[in-house]
Amino acid sequence: MFITFEGPDGSGKSTQITLLSDYLQAQGRRVYRTREPGGTPIGDQIRDVLHDVSNTEMRAVTEILLYSASRAQLVAQVIKPMLAEGRIVLCDRYADSAYAYQGYGRQLDMAMLQSITQFATQTLKPDLTIYLDLPVEDGLMRKRKANDAGEGELNRMDRQTRDFYERVRQGYLQMAQAEAERWTVIDARQSVEQIQREICAAVSKLKPPTADRRPPTADC
Ligand code: TYD
């Protein structure tokens, strides 16, 4: 079972991935948690290049190819083997981030992006994508607060215009609407507990992986 998490910085993805991972593991599930960009030694090196604020000359095409290179490595080296072992893979961001940020945000050609993404992922798609939705202003405010408190980093992708983040958010909402059976959109302004309940409800509707036929229960 392959579950991805999308949403802006500050939407609570990491907290929710931890809660879901703990919950599934308490049920005896074997879970593997990873993230993008990165998740492999090669991907982590690519992440450093992508996030380096001094890389101001990076072109949008270079950017998508680097994100895709990190993704290709992660799919081949980690995600596919973990799924083959029957594990539940939880991934903090995946290909939908590329459609949102490089497609809607940078306005790169969507058809080209799809080809690159299918090539990089060997057409592997998530069974479920959780989108933690946050109005742009709230996201920027959370990020500022975290930064003032000395938490988190401000990377190259955190230095975009408000219009860019607005396009990214609208892109996510459009993608979620177009493929509603794969996406679950959750209002990230709710309490941690309420978000967790909604995530568990979405996960419990998934068919269990062939290696483990017990369905996750919805009682978290
Ligand atoms: P990260 O520090 O992982 O933080 P968060 O996921 O909490 O935002 O930042 C990853 C950044 O990379 C984020 O701004 C989204 C961006 N990104 C893309 O632009 N394209 C992609 O394909 C991926 C995976 C991420």
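The values are calculated or read from the model by the stated rules, or taken from the named source; none is laboratory data. Computed from a predicted model, the values in this text were never measured in an experiment. We place every Cβ from the backbone using ideal geometry, glycine too, and count neighbours over all the protein chains shown. Only protein heavy atoms, including side chains, enter the accessible area calculation; ligands, DNA and RNA are left aside. Shrake-Rupley method; radii C 1.70, N 1.55, O 1.52, S 1.80 Å.
So which residues in the stretch 1-32 are more than 13 Å from the ligand (Cβ to nearest atom) and surrounded by 19 or more Cβ atoms within 10 Å (Cβ to Cβ)? Once the filter is applied, which keeps residues that are more than 13 Å from the ligand (Cβ to nearest atom) and surrounded by 19 or more Cβ atoms within 10 Å (Cβ to Cβ), the stretch 1-32 yields M1, F2, I3, L20, Y23, L24, V31. Exactly one residue out of E181, E198 is surrounded by fewer than 17 Cβ atoms within 10 Å (Cβ to Cβ) and of a type in the set (D, E), and it is E181. Hey, can you tell me all the residues within the stretch 1-47 that are in contact with a helix residue (DSSP H, G or I) (Cβ under 7 Å, 6 or more places away or on another chain) and part of a loop (DSSP other than H, G, I, E, B)? The answer is G7, P8, D9, G10, S11, G12, E36, P37, G38, G39, T40. For the stretch 138-156, the set of residues classified as without any contact (Cβ under 8 Å) to a residue 12 or more places away in the chain and open to solvent by less than 80 Å² (accessible area, probe 1.4 Å) consists of N147, A149, G150, listed by residue number.
Would you pick out the residues in the stretch 102-119 that are hydrophobic (A, V, I, L, M, F, W, C) and open to solvent by less than 10 Å² (accessible area, probe 1.4 Å)? Of everything in the stretch 102-119, just one residue is hydrophobic (A, V, I, L, M, F, W, C) and open to solvent by less than 10 Å² (accessible area, probe 1.4 Å), namely L113.
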